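Report on one structure; see the data block that follows.
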Amino acid sequence: MKPSEGAKKGLIAKVIAASANQPWLTVLLVAALGAFGIYALRNTPLDAIPDLSDTQVIVFTEWPGQSPDLVEDQVTYPISTSLLAAPDVRFVRGQSFFGLSFVYVIFEDGTDMYWARSRVLEYLNEVQAELPDGVQPTLGPDATGVGWVYQYALVDRSGNHDLAELRSLQDWNIRYALESVDGVAEVASVGGFVKQYQVQVDPNRMLARGVTLDQVIRAVRGANAEVGGRVLEIAGHEHMVRGRGYVEDVDDIAGAPIRVDDDGTPIFVRDVAEVSLGPELRRGVAELNGEGETVGGIVVMRYGENALSVIQRVEERLEAVRAGLPEGVELVVTYDRSELIEAAIDTLEDTLIEEMIVVSVVIFLFLLHVRSALIPILTLPLAVLLAFIPMVFQGLTANIMSLGGIVVAIGAMVDASIILIENIHKKLEDWDEAGRPGTRRDAIIEAMQEVGPSIFFSLLVITVSFLPVFTLQATEGRLFSPLAYTKTYSMGFAAVLAVTLTPALAVLLIRGKILKERSNPLNRLLVWIYTPVVRFVVRHRWLVVALATGAMVLTVPILGRLESEFMPPLNEGVILYMPTAPPGMSVAEATQVLQDMDRRLMEFPEVERVFGKMGRAETATDPAPLGMAETVVILRPRDEWREGLTWEG
């Protein structure tokens, strides 16, 4: 009995025969799945790198003017101990600063972000009674550690607007415009001056007039309030009575009465204090290109959103915002992650195109049949498209690691089509020499049934080779599991297409005269070169084994010298420079150091823009102290660098 006859009894052989006998139906079904794959591709979230963050909820609390040890004892500690009892909590971390408390609640892997946030809110309600009066803990944005996807700065080189006005423009106009964009969790402000009314009391004048500090505080509070009254009916119309008392300028506070003295003379706030406009206490500064202080904004993306789509929507909104900016004010983009995302996508596209070209050329050179080369060209992108279908349902993002899994699998994905096509050509050659018994389709089906089942199961073996990666946990699992998933999906669909679409395309495309293998000059040349090599290896097999073993042993010392990294280098054209200073640095000193550092960085010809930040932005996702700098250095394109200069130096 022929091997092909035995193979026909297997399930895979029957699938091959059914696909080949109904080629147009097979192509139609695969095309429908391909259309679904295109839909999945367009709806797959895009990002530069996998999100390695834990499921984390940040509890942020302000207690202005209090020392770190007092904040730790009365705010951070009660909140941390209360949240330890929350379900699925792995651990709780707390940080206390001057007037600020950060508590990080880390949940078990796989915990839903919004379920975790609701649990934290429940426990915060219980601990509220233990906190000092006026202290109200809040949850940080529903974002992760890779949520900072876009940054910008406001610059006024005309000198018509100071830092306080730029900060007001950011806080009251631009921030709200961007926070309304779908997918944006928060827009954090940094730098500039927040305008506030400042009342500087004089103890000597207070003592002379017998006024206490509490009386001054009550007077200031009472000067900034509105009250409602009753409704008066006059001439058939009702009129609502209210008292207007919101502060509009400095005089409204300065003229607020505190009390009357023994002579009945009123004592006003201006009698015991100086009232003026001034900046709020700053814990962060921003600087651009070494030219001086500026005001910046940080767009924080919501958890689970499509980073590229969010950035595109933010840029569309900024175009509308720019039209309404005051004259002389310019909005400068200081970081845009979409460039890295698009570069990763372009890399995959280039790899697919190169692979299809190489495969087509190789098949054509060895078989000298153009239509045979079309089969792997069609099956390869279809397998890639189908891999995005489970990615969408699983919630995986298309990033460097997940796309890398597809690139890794491409080489093995085309093997099945190449082997099937080569065996079909060989079978048709024998069929032609035997006088063409039966039909051409039967010969093609028999050729595919000879090797198809073996190819299918060999691809499945390669598919399951990445299963150990799924056992990785925590950060390692979040980093490498996208690669394992996409490689598994790509190989799995490639195995299915090898026994369905490839047989259908083979019946439709492999037509006309098939050149004999020995008639191809390239094949004859390679056989002429390879035959003596095989004979030598077989004749001196023990010597060859010894040499191979020795070569393997010699690689052991080299293996020990290889460097290792947790992640490959990602050169996105942007450098994050993060020097630190000793604790206790003042705001003025930090500003000067930051400007000097940015000015030095701008002296490099390869640097296009430098945006520096020292201290924290106004967001719960940034606990940086004033002595920590975070400088984003945007480089020019590689073709504008000095000759011979590389990333390493």
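What full-extension length gain, to one decimal in nm, is calculated for S519 and R93 as 0.36 nm per residue of separation minus the Cα-Cα distance?
That pair, S519 and R93, stretches by 146.0 nm at full extension.
Would you tally the net charge around L380, using a Cβ to Cβ cut-off of less than 15 Å, leaving L380 out, and scoring K and R as +1, D and E as -1? All intermediate terms of the calculation are to be shown ahead of the outcome.
Values: positive: K487; negative: E349, D350, E354, E355, D415.
Its environment carries a net charge of -4.
Summary of the geometry: the range 464-505 and the range 55-116, compared by the centres of their Cα atoms, lie 39 Å apart.
When the alpha-carbon atoms of the range 132-227 are used, the pair Rg, Dmax equals 20.0, 58 angstrom. Site-free segments of the chain were taken between chymotrypsin sites (Phe, Trp or Tyr not before Pro) in DSSP loops having at most 11 other Cβ atoms within 10 Å, sites themselves excluded; the longest one is 247-565. Computing FRET efficiency as 1/(1 + (r/R0)^6) for L472 and Y77, where r is the C-beta to C-beta distance and R0 is 35 Å, gives about 0.50.
Using the alpha carbons of the range 589-649, what is the convex hull volume per residue in cubic angstrom, as a whole number?
Values: hull volume 6.4 nm³, N = 61.
Once divided by residue count, the hull of the range 589-649 is 104 Å³.
Using C-alpha pairs below 8 Å separated by at least 6 residues, the relative contact order for the chain is 20 percent.
What FRET efficiency, computed as 1/(1 + (r/R0)^6) with R0 = 51 Å and r the Cβ-Cβ distance, is obtained for A434 and V333, rounded to the nearest 0.05?
Details: r = 70 Å, r/R0 = 1.37.
Efficiency, rounded to the nearest 0.05: 0.15.
For the range 51-105, the alpha carbon convex hull comes to 73 Å³ per residue, rounded to a whole number. With the charge dipole of the chain set up from +1 on Lys and Arg Cβ and -1 on Asp and Glu Cβ about the Cα centre, the Cα lying farthest toward the positive end among the listed residues H369, F393, P279 is that of H369. In the context of the full set of protein chains, residues of the chain present 53 Å² of accessible surface per residue (probe radius 1.4 Å, heavy atoms only). Remark on the range 18-57: Rg and Dmax equal 18.2, 58 Å (Cα only).
Out of the total accessible area of the chain (probe 1.4 Å, heavy atoms of protein only), what percent is carbon and sulfur? Write out the running numbers ahead of the final one.
Details: 20030 of 34600 Å².
Carbon and sulfur: 58 percent of the exposed surface of the chain.
Over the chain, DSSP H runs of length four or greater, each weighted -39,500 (n - 2.57), average out per residue to a 222 nm ellipticity of -16000 deg cm²/dmol. List the residues of the range 49-93 whose backbone N lies under 12 Å from a point placed 7 Å from the Cα of E130 along the Cα-to-Cβ direction. Within reach of a label on E130: 73-86. The convex hull defined by the C-alpha atoms of the range 157-197 has an orientation-averaged projected area of 3.7 nm². A simple charge model with +1 on the Cβ of Lys and Arg, -1 on the Cβ of Asp and Glu and nothing else charged puts the dipole of the range 338-378 at about 460 debye relative to its Cα centre. Sequence-distant or interchain residues sharing an amide H contact under 5 Å with T294, placed H: which? For T294, whose amide H was placed from the backbone, the distant partners under 5 Å are G192, A286, E287, L288. Against the chain, whose longest principal axis is taken from its Cα atoms, helix 307-323 shows a tilt of about 50°.
Put simply, the range 450-497 fits an ellipsoid with semi-axes of 26, 10, 4 Å; these come from the alpha carbon gyration tensor as the roots of five times its eigenvalues, largest first.
Farthest towards the positive end of the charge dipole of the range 471-574, among the residues L547, M491, P521, is the Cα of P521, using unit charges on the Cβ of Lys, Arg, Asp and Glu. Between D596 and D252, the simple label model (points 7 Å from Cα in the Cβ direction) yields a spacing of 4.4 nm.
Percent of C-alpha pairs per 5 Å bin in the range 55-144, short distances first: 3, 15, 29, 25, 16, 8, 3, 0. The Rg/Rh ratio for the chain is 1.14, where Rg is the radius of gyration of the alpha carbons and Rh is the Kirkwood radius.
Available extension along the chain between I38 and L460 is 149.5 nm, counting 0.36 nm per residue and deducting the alpha carbon span. Extending 7 Å from the Cα toward the beta-carbon at both D639 and N173 defines two label points whose distance is 3.8 nm. Average 1/r across all pairs of distinct alpha carbons in the range 271-340, invert it, and you get the Kirkwood radius: 15.7 Å. Inter-part distance, the range 196-262 to the range 27-42, computed on C-alpha centroids, equals 69 Å.
The number of Lys pairs in the chain with C-alpha atoms less than 21 Å apart, excluding pairs fewer than 8 positions apart on the same chain, is 12. Calculated on the Cα set of the range 437-559, radius of gyration then Dmax: 21.9, 61 Å.
Efficiency by 1/(1 + (r/R0)^6): what FRET value for W647 and E108, r their Cβ-Cβ distance, R0 = 35 Å, to the nearest 0.05?
Values: r = 38 Å, r/R0 = 1.09.
My answer for the efficiency is 0.40.
For the range 84-199, dividing the convex hull volume of the Cα atoms by the residue count gives 165 Å³ per residue.
By how many nm would the segment from L365 to R157 lengthen if fully extended, with 0.36 nm per residue of separation less the alpha-carbon distance? Show your work: numbers first, answer last.
Working: separation 208, 0.36 × 208 = 74.88 nm, distance 6.31 nm.
Taking L365 through R157 to full extension adds about 68.6 nm, to one decimal.
Principal axis extents of the Cα atoms in the range 311-416, from largest to smallest and rounded to whole angstrom, are 68, 31, 19.
The values are calculated or read from the model by the stated rules, or taken from the named source; none is laboratory data. Keep in mind that this is a model prediction, so the values were computed, not measured. Here Cβ is always computed from backbone atoms with ideal geometry, including for glycine, and neighbour counts include all displayed protein chains. Accessible surface is based on the protein model in full, side chains and every heavy atom, while ligands, DNA and RNA are left aside. Shrake-Rupley method; radii C 1.70, N 1.55, O 1.52, S 1.80 Å.
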